[in-house]
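The values are calculated or read from the model by the stated rules, or taken from the named source; none is laboratory data. Note that the coordinates shown come from a computational prediction; the quantities given were computed from them, not determined experimentally. In this analysis, Cβ positions are derived from the backbone assuming ideal geometry, glycine residues included, and neighbour counts consider all displayed protein chains. Note: accessible area is taken over every heavy atom of the protein model, side chains too, but ligands, DNA and RNA are not part of it. Shrake-Rupley method; radii C 1.70, N 1.55, O 1.52, S 1.80 Å.
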Amino acid sequence: LRPIGLVAAPRKTGPTRVELVIAEAREIEETWPVGWPVQQAPYKTAPDLFKKPPVEIKNTPLSKVLAAIQPRVKVPFLLDHRGLDRQEIDPDQVMVTYPRRPTLHSDLKVIDSILFKARLTSELRVDEAGNPFLWISTAKK
């Protein structure tokens with residue numbers, strides 16, 4: 001919904017009843033969030049994000065780098081397409097580099113480093129079923 005300017009929002013319709021409303025983002029004050037904050041240590045929520053494999057990236061589109069890392073960390077990446085469009089950030093056009101270093105940095109550190117260069121940020125969140133995902137959005141100003 002977000003890429004087309006819409007949001008989902010809960011609306012209480014009775015003492016124990018709630019319905020989900022779809023509306024334009026500017027019409028709704030409180031929207032259904034994109035996941036929830038993790039309730040336990042991030043390394044327990046998504047342990048594969050904290051592994052430290054050797055990594056080297058040379059002038060590669062961000063979208064290809066994320067597509068290569070995602071299966072290894074076993075956590076879906078969800079992009080804030082609307083935010084990226086507003087900031088005119090195209091993951092297919094943004095080229096990223098990450099130098100080979102001793103295995104000191106986890107995949108999450110690598111992801112955060114390349115996202116920072118692209119003016120993006122990540123946040124580990126969980127969905128309604130408690131499954132983790134990485135929310136990738138524009139860097140907050």
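Restricting attention to segment 74-90, report how many residues are free of Cβ contacts under 8 Å to residues at least 60 places away in the same chain, closer than 15 Å to residue 125 by Cα and open to solvent by less than 100 Å² (accessible area, probe 1.4 Å).
5
Under 8 Å between Cβ atoms, at least 6 apart or on separate chains: pull out the pairs that start in segment 9-26 with a residue that is more than 17 Å from residue 82 (Cα to Cα) and end on any residue that is modelled with pLDDT of 80 or more and in a loop (DSSP other than H, G, I, E, B).
Taking only residues 6 or more apart or on different chains, the pairs are 19/13.
For segment 95-122, how many residues meet the condition of being within 19 Å of residue 47 (Cα to Cα), open to solvent by 20 Å² or more (accessible area, probe 1.4 Å) and either at pLDDT 95 or above or touching a Leu at 6+ places or on another chain (Cβ under 7 Å) (or both)? So that I can check it myself, show each step before the final result.
So in segment 95-122, the residues within 19 Å of residue 47 (Cα to Cα) come out as 103-113, 122.
In the following step, the residues that additionally are open to solvent by 20 Å² or more (accessible area, probe 1.4 Å) were identified as 103-105, 108-109, 112-113, 122.
In the following step, the residues that additionally are either at pLDDT 95 or above or touching a Leu at 6+ places or on another chain (Cβ under 7 Å) (or both) were identified as 108, 122.
Total satisfying the criteria: 2.
Any idea which residue in segment 48-62 is least open to solvent (accessible area, probe 1.4 Å), counting only those that are modelled with pLDDT of 95 or more and within 21 Å of residue 135 (Cβ to Cβ)?
62
Quick grid of which residues meet (1) closer than 11 Å to residue 62 by Cβ; (2) in contact with an Asp or Glu (Cβ under 9 Å, 6 or more places away or on another chain):
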{"residue": "78", "(1), (2)": "no, no"}
{"residue": "82", "(1), (2)": "no, no"}
{"residue": "85", "(1), (2)": "no, no"}
{"residue": "90", "(1), (2)": "yes, no"}
{"residue": "95", "(1), (2)": "yes, no"}
{"residue": "100", "(1), (2)": "no, yes"}
{"residue": "107", "(1), (2)": "no, yes"}
{"residue": "112", "(1), (2)": "no, no"}
{"residue": "119", "(1), (2)": "yes, no"}
